[in-house]
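Notes follow the structure.
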Amino acid sequence: MRMALKLFKTEHLSKDSVFCYNSIAVKAEMIYGLSDVLERMQMLYKRSIEITEYLLSIQKPVTIETLAQRFSVSMRTVRNDLDSIDVWLLESECPPVQRVQNVGVFLQDPDGVVKSKLYVWDTQQYVFNKQERTFIIIGLLLGKRKTNINDLADLLDVSPATVSMDIQKVKEWLNEKHIKLVSTPHKGIIIDDGETSIRRGYVILLREIFNLKAKQRDIIEKKFTQCGDILNLFHLDYFRKAYDKWGDKILNAIEALKRTADSDISDGSFIFIYICFLVSLTMIQENRSLSGDVLETMKELATRDAKTLEAIKTIIKAELELDIPNNEAYYLTTAWSSTRRFEVAQNVGLEYVLLARELIKKVQEKIEYEINADEETVFDIATHLNLMHYRMAINIPAGNYSSLEGIASEFPDVCEASKQALLDVLKDSVFPENIAAIEDEAPYVAMHIVVSIYKQTLFQDNMRKVIIVCGSSVATSRILENRLRAMFSNINVVATMSYNEFLAHGDNLQCDLIIATINLESKAYKCITVSPLLKEEDINRLMNFFVLRSQDIEINKYIGATMNIMARALKLSAAKKLELTVRLVKELNGEVKKLKRKAPLKMRDILSFEVVETGVRVRDSVEAIQIAASLLIQSGAITQRHVDDLIKSYKRFGGSIVIDEGIAMPHLLIPELTAPCMSLITLKEPVKFNNVKNDPVSVVMVLLSNNHIAHVGVIEDIIELFNDEKSRKAVFNATSKLEIINQIHKK
């Protein structure tokens, strides 16, 4: 049979292909039977598979010589492999490899048929490469399946020596993910770790496997239909059972969850949540459950958002017809809360804003470069730190995207500084197993830092409506948006969305242009594909649509350039040129200052005499909040309903509103407010706010805002006021409103 297959592979279809095919089939049928031969003819071997996958991945012509160099074989061998690929394609009813003289060969697969057929073979006929074998062994270990070397060698159709070398890679992967692996007599290697670590390994493994075998956009566009075959290929039979039972229903559940949250998520987050659902349901099937301290952390985080927790239980009951255990509901709620949603502001607590300010300061010190940390940048980093809190609970880092590689290569100093700053800021809550996750998170923080460095004022002249489609993360879309605004003066980004959301909108988007970080093919819209960092070639293409922005230059150079132009155009005398230059020097700085953006809201702007009181007597923390907030009711800023919401929030989150020793700051987001408002009282006798570290409280500040960034300047003032020991004592010991107001206006 091997001789017949070898003979078949050396025949050329381009020369009497029908005769060759028939004659080989007749010869083989005499010995082995035609049906057996035809079945084996449809099988590809390792190098042929790799060549097919490579041709599909590049989607452009490549020369035989290039293929020969890439796969370390002769050009003749490549031609023979291409012929065997052609036979397999024809048997699979797909067009053969295209040959174009003086150009190269290429393989078209517009409908994804070829790619899907690569996964449907019996895995016993599939020849795995080293990375695939590594993933299979990891999956078997995590699933506590039989894994001695001889059985693995039979399963993977390689020698025991090859398996032994593969296991070294397995150990490296597990060590990197901080999953404990031990060797035992007569049993070989086994994972000796808790269910939390094993589950983390499952999620990361599935994410890497899906990324290895299919493009992110293909998975979403085809609604995860190829994932079943991928699970088969990697011998993840226990996941395949859950997939067969709930695969489509998981999609329905995620869509329902998005509707409940009234938001969309990035494509990477979509796949991540799908995997978390699949892992959770598989663990339920296998009677394996989470426990221990990590579960308690997840429970605490999940119960903070009771609405989402209840929604997940309800949706799973409705869509999957399953009463999910509380442990799994906590896990899925934490996973969902770790995703950043498009077009929806996250509910970010004050503690994350403070951490963001500290993080930016540390990065600035490390790279020795002044960072323009405006309100938007602070909020973006605070949001990321908030999401990191959830990801560290389940200890799964954000996914890796190509855009992050660009950040790492072009801004290595910012990435390293961001990593060190994260470790410094989070040192009290970081465990050894979190280190790898933080290293993966650092480029995301670096993205926001780079955005703030490139950010410039947006001019609204001759604006062109643009929609950004980004297949990776919200951070990627944010850096692209700000790079576009920094480069061009007439761009108006009206929306950012994931590829999944773009598909859902169909032909109903209102824009002049779509700028995407992934290849989009659309008859309804003009689309341009760019790098999130905007390479030189991207800028050149975009110049057909937008006006390049003038770059900031020093005033004296601007004056000199202006006078040179005027002198040439108006034929000015030397005396007149000098006279105009002197006038420009005197007046231009003042004119430029008029063009500056509105200054951020400060504490002195919203804290007036009428909302300050000293020496107030209260019985407890709730009464302290009521009295402080009542000052805002009297000023007409809020109503008692808002105060009730403030007290409910305090009862829910407890002592977390105590931001420093003796200082409580109840705060709330109230979208219907026209602007942020604030009040401050000092207490005659301190009271407890259920914060062991910083009780009792003597100063109570109520801060209410209408959005997540309007009050960032106020928070900066609060930090500055109470970080200064002299100012702090003055506020704590104040006996009149005037003393407090004077301290605030000094800052």
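Note on region 206-365: Rg/Rh from Cα positions, Kirkwood definition for Rh, rounded to two decimals, is 1.00. Extension gain, Leu738 to Asp323: 0.36 nm times the residue separation minus the Cα-Cα distance gives 143.4 nm. Calculated FRET efficiency, Lys223 to Asp154, Cβ-Cβ distance, R0 = 41 Å: about 0.70 to the nearest 0.05.
Size of region 182-281 from its Cα atoms: along the principal axes, largest to smallest, the extents are 53, 26, 23 Å.
Region 467-513: Rg/Rh from Cα coordinates, Kirkwood Rh? Result for region 467-513 is an Rg/Rh of 0.98. Other residues with beta-carbon under 14 Å from the beta-carbon of Gln420 carry, at +1 per Lys or Arg and -1 per Asp or Glu, a net charge of -3.
List the pairs from Lys361/Lys729; Lys258/Lys602; Lys171/Lys419 whose alpha-carbon separation is above 29 Å, in the order I gave them.
Those over the limit are Lys258/Lys602.
Packing-based ranking of 480-486, 300-306 yields 480-486, 300-306, ordered from highest to lowest mean Cβ neighbour count within 10 Å. Give me the orientation-averaged projected area of the Cα convex hull of region 630-747, in nm², one decimal. The Cα convex hull of region 630-747, projected and averaged over all directions, gives 7.4 nm². Name the shape class, rounded, prolate or oblate, that the alpha-carbon gyration tensor gives for region 674-722, where a ≥ b ≥ c are the square roots of its eigenvalues, rounded holds for a/c under 1.5, and otherwise prolate holds if a/b is larger than b/c and oblate otherwise. Taking the square roots of the gyration eigenvalues as a ≥ b ≥ c, region 674-722 is prolate. Rounded to the nearest 5, the antiparallel percentage of DSSP beta bridges internal to region 601-706 is 55%. In the structure shown, the pairs Lys465/Lys535; Lys60/Lys535; Lys177/Lys362 are assessed against 24 Å; a Cα-Cα span above that value is assigned to Lys177/Lys362.
Relative to the current alpha-carbon distance between Ile64 and Lys526, full extension at 0.36 nm per residue lengthens the span by 162.8 nm. Between Asn723 and Thr162, the contour length at 0.36 nm per residue exceeds the alpha carbon distance by 195.8 nm.
Calculate the length of the line joining the C-alpha centroid of region 480-527 to that of region 205-273, in whole Å. Distance between centres, Cα-based: 25 Å. The simple Förster model, with R0 at 56 Å and r as the Cβ-Cβ distance, assigns Asp192 and His745 a FRET efficiency of 0.35.
Taken together, the values in this text are just the output of simple stated rules run on the coordinates, not laboratory data. Not measured: the values here are computed from a predicted model. Note that each Cβ is placed from the backbone with ideal geometry, even for glycine, and that neighbours are counted across all protein chains shown.
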